[in-house]
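The values are calculated or read from the model by the stated rules, or taken from the named source; none is laboratory data. Small disclaimer: the values here were computed from a predicted structure and weren't measured. Cβ: placed from backbone, ideal geometry, glycine included. Neighbour counts: every protein chain shown.
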Amino acid sequence: MTDGKVLVIPCSGIGKPFGTIGREATFTVVDELRPGKADTNCLSLLVMGDPDAKRQVQESRCVAVDGCPLECARKNIEIAGGRIDAHMRVMDLLRDNRGLKPRQVTFLDEDGEKLATILAEKIAAKVDELYTGEAR
Amino acid sequence: MNIKPKIGVVSCSGECCILGTLSRVATRFILEGVRADTVTLCLPLFLAGDSGEREFAQRFPTVSVDGCHKHCAKKAIVEYSGPTAASVDVEKLLMEWGEEPTGTRKTLSAKDVELAKRIAQEVAERVDEAREAQDG
């Protein structure tokens, strides 16, 4: 079911740009940078205890991508019985790139796009480390 | 001072397809101006957060916006807080309109953005109905 792909799950933060940055970085990795090695799924399905989504996180190496300190992605993966192999936090990225100040939420502005690109590269590198081609 | 009670608009996270992105963008359009007196909640916080999100949805009317027939947003609110005031099923709406999105889950096309605006108008109607019911 998992094809051994690394599962990248972003939080679905909708109130600030940080959730959008995590989400966009995830799509860049899954659809453009590492389409054969990484996959994602709806965090909402995990929240609702969907059996297939739970099995997927339990059988996959998981990368949680969180926009804010509440860490919904990490917590919901763990609640579903998954194990966190890497945890990416947009807040850490902001600390490392203090000159970039994202403001737009719905569609990222230039600084938001830059941060999403940096984050996507970090996630892709982590996917390369974790990918084995086999389920956990 | 007359404080207007809030209406919550809760989108599914919908990372697995473009319908989730449409739901999320339509919800953002609501907050940013179509009905700026609404608030939104991050869906995963219903499970992983403190009790604030659940209490909000118990105290105030909520409108769920779901990308697909799995209705994660609606189910989460019903399960953790009680009935929604109204719900919007984006997949069903698009079928009724005979429309299909043309962009990707990461990047909406210009046509998709127009669809998101149209979806936002549907959500706004539900918000208005919830407001009228609330005002008695």
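Check A:VAL30 against each of (1) touching a residue at least 60 places away in the same chain (Cβ under 8 Å); (2) closer than 20 Å to A:GLY13 by Cβ and name the one condition it does not meet. Of everything listed in (1) touching a residue at least 60 places away in the same chain (Cβ under 8 Å); (2) closer than 20 Å to A:GLY13 by Cβ, A:VAL30 misses just condition (1).
Restricting attention to region B:12-30 and to residues that are at pLDDT 95 or above and of a type in the set (Gly, Ala, Ser), the residue that is farthest from A:ASP31 (Cα to Cα) turns out to be B:ALA26.
For A:LEU45, the conditions (1) within 14 Å of another protein chain (Cβ to nearest Cβ); (2) surrounded by fewer than 17 Cβ atoms within 10 Å (Cβ to Cβ) all hold with the exception of (2).
Answer yes if at least one residue in region A:109-123 is in contact with a helix residue (DSSP H, G or I) (Cβ under 6 Å, 6 or more places away or on another chain), small (Gly, Ala, Ser) and over 17 Å from B:GLU15 (Cβ atoms), and no otherwise. Lay out the reasoning, then the answer.
Narrowing region A:109-123 to residues in contact with a helix residue (DSSP H, G or I) (Cβ under 6 Å, 6 or more places away or on another chain): A:112, A:115-116, A:119-120, A:123.
From what is left, the residues that are small (Gly, Ala, Ser) are A:112, A:116, A:120.
Imposing the further condition that a residue be over 17 Å from B:GLU15 (Cβ atoms) reduces the set to A:112.
Scanning region A:109-123 turns up at least one residue that is in contact with a helix residue (DSSP H, G or I) (Cβ under 6 Å, 6 or more places away or on another chain), small (Gly, Ala, Ser) and over 17 Å from B:GLU15 (Cβ atoms).
In region A:27-41, the residue that is surrounded by the fewest Cβ atoms within 10 Å (Cβ to Cβ) out of those that are more than 9 Å from chain B (Cβ to nearest Cβ) and of a type outside the set (Val, Ile, Thr) is A:GLY36.
Kindly indicate whether A:ASP50 is of a type in the set (Asp, Glu) and modelled with pLDDT of 95 or more. Criteria not met by A:ASP50. For region B:78-118, a residue qualifies if it is more than 11 Å from every other protein chain (Cβ to nearest Cβ) and either among the aromatic types (Phe, Trp, Tyr) or in contact with a strand residue (DSSP E or B) (Cβ under 7 Å, 6 or more places away or on another chain) (or both), and the qualifying residues are B:THR84, B:ALA85, B:ALA86, B:SER87, B:VAL88, B:ASP89, B:VAL90, B:TRP97.
For region A:48-64, a residue qualifies if it is more than 10 Å from chain B (Cβ to nearest Cβ) and among the hydrophobic types (A, V, I, L, M, F, W, C), and the qualifying residues are A:VAL57, A:CYS62, A:VAL63, A:ALA64. Condition test on B:ALA120, is it within 24 Å of A:ALA53 (Cα to Cα) and either touching a Leu at 6+ places or on another chain (Cβ under 6 Å) or crowded, with 16+ Cβ neighbours inside 10 Å (or both)? Judged against the criteria, B:ALA120 is not a match. None of B:CYS42, B:CYS12 is within 9 Å of the chain's Cα centre (by Cα) and at the interface with chain A (Cβ under 9 Å from one of its Cβ atoms) except B:CYS12.
For region A:8-26, enumerate the residues that are facing another protein chain (nearest Cβ under 9 Å) and surrounded by fewer than 21 Cβ atoms within 10 Å (Cβ to Cβ). Of everything in region A:8-26, just one residue is facing another protein chain (nearest Cβ under 9 Å) and surrounded by fewer than 21 Cβ atoms within 10 Å (Cβ to Cβ), namely A:GLY15. Based on this model, can you work out whether A:GLU78 counts as touching a Ser or Thr at 6+ places or on another chain (Cβ under 6 Å) and surrounded by fewer than 19 Cβ atoms within 10 Å (Cβ to Cβ)? Spelling it out, it is not the case that A:GLU78 is touching a Ser or Thr at 6+ places or on another chain (Cβ under 6 Å) and surrounded by fewer than 19 Cβ atoms within 10 Å (Cβ to Cβ). Scanning region B:46-77 for residues that are at the interface with chain A (Cβ under 9 Å from one of its Cβ atoms) and out of contact with any Asp or Glu (no Cβ under 8 Å at 6 or more places or on another chain), we see that the one that is farthest from A:CYS72 (Cα to Cα) is B:LYS75. Of everything in region A:83-100 that is touching a residue at least 40 places away in the same chain (Cβ under 8 Å) and of a type outside the set (Lys, Arg), the residue that is surrounded by the most Cβ atoms within 10 Å (Cβ to Cβ) is A:VAL90.
Residues in region A:67-88: is at least one within 13 Å of chain B (Cβ to nearest Cβ), acidic (Asp, Glu), assigned to a helix (DSSP H, G or I) and at negative phi? Yes: region A:67-88 contains one or more residues that are within 13 Å of chain B (Cβ to nearest Cβ), acidic (Asp, Glu), assigned to a helix (DSSP H, G or I) and at negative phi.
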